[in-house]
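Taken together, the values in this text are just the output of simple stated rules run on the coordinates, not laboratory data. No experiment lies behind these values; they were computed from the predicted model shown. A quick note on method: Cβ atoms are made from the backbone with ideal geometry, for glycine too, and the neighbour counts reach across all protein chains shown.
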Amino acid sequence: MKRRDFIATTGAVVAGSVLANPFAASAAGAAKKRIALVGTGIRGTSFWGKPIVDNYGDIIEFVGLCDINPGRLEWAKSYMGVKCPVFTDFDEMIAKTKPEMVIVTTVDATHHKFIIRAMELGVDVLTEKPMTTDETKARAILETEKKTGRKLIVGFNYRYGILFSAIKEQLAKKPIGEMTSVDFHWYLNTYHGADYFRRWHGERDKSGSLLVHKATHHFDLLNWFIDSDPVEVVAFGSLEHYGRNNKFRGVNCRNCAYTSQCKFYWDIKKDQTACKLYVENEKYDGYIRDNCLWREDIDIFDKMAVQIKYANNVQVSYSLTTYSPYEGWRIAFNGKEGRLESWEDIPWRRQELINQGALHAAEMNQQGSAASRYDEIFLMNNFNPEYQMIKVEASRGGHGGGDQRLQDKIFRNPAMADPYKHAAGSRDGAMSCLIGIAARKSIDENRIVKIEELTDIKPHPTRGA
Ligand SMILES: NC(=O)c1ccc[n+]([C@@H]2O[C@H](COP(=O)([O-])OP(=O)(O)OC[C@H]3O[C@@H](n4cnc5c(N)ncnc54)[C@H](O)[C@@H]3O)[C@@H](O)[C@H]2O)c1
């Protein structure tokens, strides 16, 4: 193969073009938008809570926080640096604080309760992914949104990441001709992957399984990239590493007799935030953050393979691994004219990409490592051996800067231009979690599941049409 290095630095272009003029709507002197938050766990406080106070305090005001755990509520208030009242009753919070928007960051299987109730009480909602965990709840959310006329935003932050944005931008140029299939494989390492099995995520009645909790991100990216609606899903999955698949188990890591033997021993006492957030508040609700990942009530899959057929005839092969030696992913789009591939954090590739000299220089002048890191998009034509390697600037912080861009779009300037349709609503939320729900059903019932069995939304060759 003849190599032709064709390097374009796409990241800055994407960030600039997608998110032009993020501060345009800063309304000096205007009343602050009243926001309430339900679910003051790690995501609610550290992704939405404190960053909103820090970055949007000039235009946003938290008027209430709600959680079932009063201890976690008090911690959240002080961590976020807010003075608003706290509630253990959601309706009471809405009645007393009259928010314009509620942010939902509770356990996945409870999202629908707060989304629906908030809309019934006349409040717009921003929910964390997954929008919900089963098809009945998804239907109820869509019906309530229609009936009440309120707005639901689903916080799909991955879309806003620089590399994913750059892939979307490249696909829009149709470099591979008609897209026919996609390969997408996601690897969770033994830290991140294992952590899902330590707490509520390991129980499907709370998380819907990782096919919903985690893969909703990936299915949303697929829907967005392929720009069509899913039609049919068939999947395999099983639990054969974590859960009951071990000879020994404890109650939790703190009081376990097997700490020296267990490869997954985690000393939560070394994690100050986890102690403040969870350990010190166990007495209120019994939520144990460092549960044994070998416990027998884990009932989700730890390996998953899913095939998806789209209304535009594209077919997808997807997999999710929960005990990989490294954390990363690979995606490839196959077309009649070519192939577009990308990946992140594949170790052998990373060694080549990191220029240690530049890395050290950047660290010394306090600019971080972004300047010395980049990700790649590899573009090939089926009939020409030359290829393009598109270089995308990488930033480590907050999903490649995507988190900040998502929040700018929602809070700073909702009207900002959105040429690549990064913003996601209830239809996107439904279509992504329905793929996971269909995959779960396919494994349970050993059959192909049609998306139309689960929803009144009619899958369309062009997404959302
Ligand atoms: N977009 C992302 O990348 C991302 C990352 C992490 C988490 N999340 C999502 O954020 C949400 C929260 O995750 P987390 O990691 O913060 O979990 P967490 O366990 O730390 O927090 C959940 C909080 O919800 C509270 N809660 C549970 N049931 C409740 C109820 N019925 N009423 C009120 N409060 C209730 C709990 O007490 C806890 O404080 C989940 O939906 C998760 O999927 C998204």
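Cross-link pairs exceeding 19 Å between alpha carbons, from the set Lys206/Lys269; Lys33/Lys421; Lys336/Lys391; Lys303/Lys441: Lys206/Lys269; Lys33/Lys421; Lys336/Lys391.
Of Lys83/Lys147; Lys113/Lys458; Lys214/Lys263; Lys77/Lys409, which sit over 31 Å apart, Cα to Cα?
Check vs 31 Å cut-off fails for Lys83/Lys147.
For the stretch 412-424, the Karplus equation 6.51 cos²θ - 1.76 cosθ + 1.60, evaluated at θ = phi - 60°, returns couplings of 7, 8, x, 8, 4, 4, 9, x, 9, 6, 6, 5, 10 Hz by residue, with Gly and Pro reported as x. With the highest mean first, a sort of the peptides 78-90, 45-57, 224-236 on other beta-carbon atoms found within 10 angstrom per residue produces 224-236, 45-57, 78-90. Dividing the mean sequence gap of close Cα pairs (under 8 Å, 6+ apart) by how many residues the chain holds gives a relative contact order of 24 percent. Relative intensity of the stretch 241-287 on a log10 scale, I(q)/I(0) at q = 0.23, 0.30, 0.31, 0.32 Å⁻¹, equals -0.91, -1.11, -1.13, -1.16, per a Debye sum over C-alpha point scatterers of equal strength in the absence of solvent. Amide hydrogen proximity for Arg150: with H placed 1.01 Å from N in the peptide plane, no residue at 5 or more positions away or on another chain lies under 5 Å. Close amide H pairs (under 5 Å, H built 1.01 Å from N) link Lys98 with no residue at least 5 positions away or on another chain. When each of the peptides 255-268, 186-199 is scored by how many other beta carbons lie within 10 Å of its residues on average, the order from highest to lowest is 186-199, 255-268. Exposure proxy for Leu73, Leu222: other Cβ atoms within 10 Å of each Cβ, ordered fewest to most, give Leu73, Leu222. Taking the square roots of five times each eigenvalue of the Cα gyration tensor of the stretch 237-348, the equivalent ellipsoid has semi-axes of 38, 17, 15 Å, listed largest first. If you take all other residues with their beta carbon under 13 Å from the beta carbon of Gly338, and give Lys and Arg +1 and Asp and Glu -1, the sum is 0. Most simply put, the chain has about 65% antiparallel DSSP beta bridges, counting only bridges with both residues inside it.
Note on His213, His460: ascending count of other Cβ atoms within 10 Å places them as His460, His213, the fewest first. Only Cα sites of the stretch 393-443 enter the Debye sum here, all with the same form factor; the resulting log10 I(q)/I(0) across q = 0.18, 0.30 1/Å is -0.76, -1.07, listed in q order.
Ranked by how many other Cβ atoms sit within 10 Å of their own Cβ, fewest first, the residues Lys309, Lys151 fall in the order Lys151, Lys309. Amide H to amide H, with H built 1.01 Å from N, Glu376 comes under 5 Å of Trp343, Val392, counting only residues 5 or more places away or on other chains.
From the largest down, the chain spans 64, 63, 57 angstrom on the principal axes of its Cα atoms.
Think of it as helices only: each DSSP H run of n ≥ 4 in the chain is worth -39500 (n - 2.57), and spread over all residues that comes to -8500 deg cm²/dmol at 222 nm. Extents of the stretch 109-178, largest first, come to 46, 24, 23 Å (Cα atoms, principal axes, whole angstrom). Note on Gln315/Lys247: beta-carbon distance plugged into 1/(1 + (r/R0)^6) with R0 of 51 Å gives a FRET efficiency of 0.80. Each other residue within a Cβ distance under 12 Å of Ala76 adds +1 if Lys or Arg and -1 if Asp or Glu, for a net charge of +3.
Three semi-axes describe the equivalent ellipsoid of the stretch 40-158; taken as square roots of 5 times the Cα gyration tensor eigenvalues and ordered largest first, they are 23, 15, 14 Å. Would you please give the FRET efficiency between Thr180 and Ser46, computed as 1/(1 + (r/R0)^6) with r the Cβ-Cβ distance and R0 = 41 Å, to the nearest 0.05? Using R0 = 41 Å, I get an efficiency of 0.50. Phi angles across the stretch 257-263 convert, under the Karplus curve 6.51 cos²θ - 1.76 cosθ + 1.60 with θ = phi - 60°, into 3J(HN,Hα) values of 7, 10, 4, 6, 8, 7, 5 Hz, Gly and Pro given as x.
May I ask for the net charge around Thr148, where only other residues with Cβ less than 13 Å from the Cβ of Thr148 are counted and Lys, Arg are +1 while Asp, Glu are -1? Spell out each step's value before the answer.
Values: positive: Arg117, Lys146, Lys147, Arg150, Lys151; negative: Glu120, Asp124, Glu143, Glu145.
Once positives and negatives cancel, what remains is +1.
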